[in-house]
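Visitor: The structure follows.
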Amino acid sequence: MANKKILIVEDDPDVLKGLHVRLQANHYDTFMAADATSSVVEARKYHPDLILLDLGLPGESGFVAMERFQANPYLATIPIIIVSGRNAQENRARALKAGAKAFLEKPVDTGELIAVIRQTLGEPSEPEKHVVTSGI
């Protein structure tokens, strides 16, 4: 079974690298964008299974990116999880009302991040354990 694809939209290179490493370690393929405009281009190119979206992007905000994803029939069904540290209380309600599946506040805990991603993608909460037995 192929790994699920996740587009990470984040302008901070350190946060981007941290998310990439954590997702790769949990068997997700990642693609990255640093602003709203390139996020739509990358989403059209790779059609990810899920988008992790920061709200505080250079130029246009993550809310603008969400509107663009939702306005595009090819991208509208991709679930979006917000990962942001900006005005968390205010933006949480706005993001969820706008269609985000979840809102995670930075710095995000790895266990919580992976649990929310798995839940959003309809995956088991823990990876299946494969037991190897001999032919006895």
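Visitor: Per-residue accessible area for residue 11 at 1.4 Å probe radius, Å² rounded to 10?
Guide: Here the accessible area works out near 60 Å².
Visitor: Assuming a strict under-20 Å limit between Cα atoms, what lysine pair count do you get for the chain once near-sequence pairs (fewer than 8 apart, same chain) are dropped?
Guide: 9
Visitor: Any idea of the accessible area per residue across the chain, 1.4 Å probe, to the nearest Å²?
Guide: Ligands and nucleic acids excluded, the result is 58 Å² per residue.
Visitor: Would you kindly calculate the translational diffusion coefficient of segment 1-96, applying Stokes-Einstein with the Kirkwood radius from alpha carbon pairs, for 25 °C and a viscosity of 0.890 mPa s, and quote it in µm² s⁻¹ without decimals?
Guide: 184 µm²/s
Visitor: Restricting to DSSP H runs of at least four residues, report the calculated mean residue ellipticity at 222 nm for the chain, -39500 (n - 2.57) per run over all residues, nearest 500 deg cm²/dmol.
Guide: Rounded to the nearest 500, the figure is -12500 deg cm²/dmol.
Visitor: Viscosity 1.306 mPa s, temperature 10 °C: what is the translational diffusion coefficient of segment 60-105 from Stokes-Einstein with a Kirkwood Rh over Cα pairs, rounded to a whole number of µm²/s?
Guide: Rounded to a whole number, D works out at 148 µm²/s.
Visitor: Moving to a separate point now. What's the local net charge at residue 87, with K and R +1, D and E -1, over the other residues with C-beta under 14 Å away?
Guide: +1
Visitor: Roll a 1.4 angstrom probe over the protein heavy atoms and tell me the percent of accessible area of the chain that is carbon or sulfur.
Guide: Reported share for carbon and sulfur atoms: 51 percent.
Visitor: Shifting gears a bit: Looking at segment 28-113, which chymotrypsin sites (Phe, Trp or Tyr not before Pro) are in a loop (DSSP not H, G, I, E or B) and have at most 16 other Cβ atoms within 10 Å?
Guide: Here the chymotrypsin sites (Phe, Trp or Tyr not before Pro) that fit, given the DSSP loop and packing criteria, are 74.
The values are calculated or read from the model by the stated rules, or taken from the named source; none is laboratory data. None of these values were measured; they are calculated from a predicted model. Positions of Cβ are generated from backbone atoms using ideal geometry, with glycine treated the same way; all protein chains shown enter the neighbour counts. Just the protein is used for accessible areas: all its heavy atoms, side chains included, with ligands, DNA and RNA removed. Shrake-Rupley method; radii C 1.70, N 1.55, O 1.52, S 1.80 Å.
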